[in-house]
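Student: I'd like to ask some things about the structure below.
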Amino acid sequence: MNLGLIIRDILSNLVHTLRWQDALDILLLTLLVYEIITLVQKSRAKQLLFGLAIVVFAYFMARLIGLRTISYVFTNLFQVGIIVLVIMFQPELRKALERVGSSRLNLTLLGNSRSELIKEWQYAINAVCDSAEHMS
């Protein structure tokens, strides 16, 4: 079968089954990921995430090789990992919550005009597109 026909069929099925809620879900998730990436780039969270990635890689390697004691220690470490992450990222989480609370988008949703809401969405969409272009 031709690759063009396969892609056309996939896109056709996607258009027929995509609801507006799905599009909103994807847009909100994209904005959330963009904000997280922006926050990580502006803070020391980049080094922390890199260190966390090394720990996770070491865990999977220990499991793959069959190192039981190290696997046991990492398993128990990951059980309290959420608390550790909240403590490690406390300043970044606080900044992110402050940005959400003081966002102009909140004020727009609480009563400003539709044109200002459209401008905010256009700005957010352009920022997502720019970041995608920058990351590619």
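Student: Given R₀ = 30 Å, FRET efficiency for residue 99-residue 126 by Cβ-Cβ distance, to 0.05?
Tutor: According to the calculation, E is roughly 0.95.
Student: Using a Förster distance of 30 Å, how high is the FRET efficiency between residue 12 and residue 79, based on the Cβ-Cβ distance and rounded to 0.05?
Tutor: 0.10
Student: Assigning unit charges at the beta carbon (Lys, Arg +1; Asp, Glu -1) and nothing else, what dipole magnitude in debye, to the nearest 20, does segment 1-68 show about its Cα centre?
Tutor: Here segment 1-68 has a charge dipole of around 420 debye.
Student: Round to the nearest 10 and report in Å² the accessible area of residue 130, as given by a 1.4 Å probe over the protein chains' heavy atoms.
Tutor: 100
The values are calculated or read from the model by the stated rules, or taken from the named source; none is laboratory data. All of these numbers come straight from a predicted model, not from anything done at the bench. Glycine also receives a Cβ, built like all others from the backbone with ideal geometry; neighbour counts cover every protein chain displayed. Remember, those area values only see protein heavy atoms, side chains included, never the ligands or the DNA or RNA. Shrake-Rupley method; radii C 1.70, N 1.55, O 1.52, S 1.80 Å.
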